[in-house]
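The values are calculated or read from the model by the stated rules, or taken from the named source; none is laboratory data. All values reported here derive from a predicted model rather than from experimental measurement. Quick reminder, even Gly has a Cβ in these numbers, built from the backbone with ideal geometry, and neighbours come from all protein chains shown. Note: areas computed on protein heavy atoms with side chains; ligands, DNA, RNA excluded. Shrake-Rupley method; radii C 1.70, N 1.55, O 1.52, S 1.80 Å.
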Amino acid sequence: MFQAVSLIVIAVLTAVDMFTKHIAATTIKADGPFEFLFGTFQFRYVENTGAAFSSFSDNTVLLTVVTAVILSGCLILLLSKKIKPLFMNICLLLVVAGGTGNLIDRIRFGYVIDFIEPLFIDFAVFNFADCCITVGAIMMIAYEIYELVCEHKKKAVKNG
């Protein structure tokens, strides 16, 4: 049951990503950038041939292969039920959904469509898939740190 729900959630999040990128490609690309949230962000259409912060620009084939391999491993791990905490499964689900959205762009276009740009800080333009990946990864790291702290406290109590 969990596997089916996971695949449905991944499909829904990927569809949201594809829809938002379609809107960006059909409206923002044609009409140009515009600000929102009181000028703290703007929608600006960007074709990113690289990875995070445009690293590895113009290496679409390499990025596509690496992303496909990582996503395959993550998906196998997610569907195998080998990860017991539900929280970690949710984190992995977010990373897979975001990675899938960006992988589809790389295969279809040879670049990833980015369109959200923060104006209050010098930062990269990003998309919904990037948000899923980032939130999933940060939650995963926070969970691991929490687990390490709890384990350290248990050892300290046991030895103290």
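Residues are listed down the side, and each one gets a yes or a no for (1) modelled with pLDDT of 95 or more; (2) more than 18 Å from TYR111 (Cβ to Cβ):
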position: LEU13; (1), (2): yes, yes
position: LYS29; (1), (2): no, no
position: LEU37; (1), (2): no, yes
position: TYR45; (1), (2): yes, no
position: THR60; (1), (2): no, no
position: CYS74; (1), (2): no, yes
position: LYS82; (1), (2): no, yes
position: VAL95; (1), (2): yes, yes
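Scanning the stretch 118-135 for residues that are of a type in the set (Asp, Glu) and either open to solvent by less than 30 Å² (accessible area, probe 1.4 Å) or over 21 Å from HIS22 (Cβ atoms) (or both) yields a count of 1. Output the number of residues of the stretch 100-136 satisfying the condition of being out of contact with any Ser or Thr (no Cβ under 9 Å at 6 or more places or on another chain) and of a type in the set (Ser, Thr, Tyr). Number satisfying all stated conditions: 1.
Among residues of the stretch 96-110 that are under 17 Å from PHE126 (Cβ atoms) and surrounded by 16 or more Cβ atoms within 10 Å (Cβ to Cβ), those with a beta-carbon under 6 Å from a residue that is at pLDDT 95 or above and hydroxyl-bearing (Ser, Thr, Tyr) at least six positions away or on a different chain give the pairs ALA97/THR14; THR100/THR14; GLY101/THR14.
Within the stretch 8-27, is there a residue that is farther than 19 Å from ASP130 by Cα, over 22 Å from the mean Cα position of the chain (by Cα) and not in a helix (DSSP H, G or I)? Within the stretch 8-27, none of the residues are farther than 19 Å from ASP130 by Cα, over 22 Å from the mean Cα position of the chain (by Cα) and not in a helix (DSSP H, G or I).
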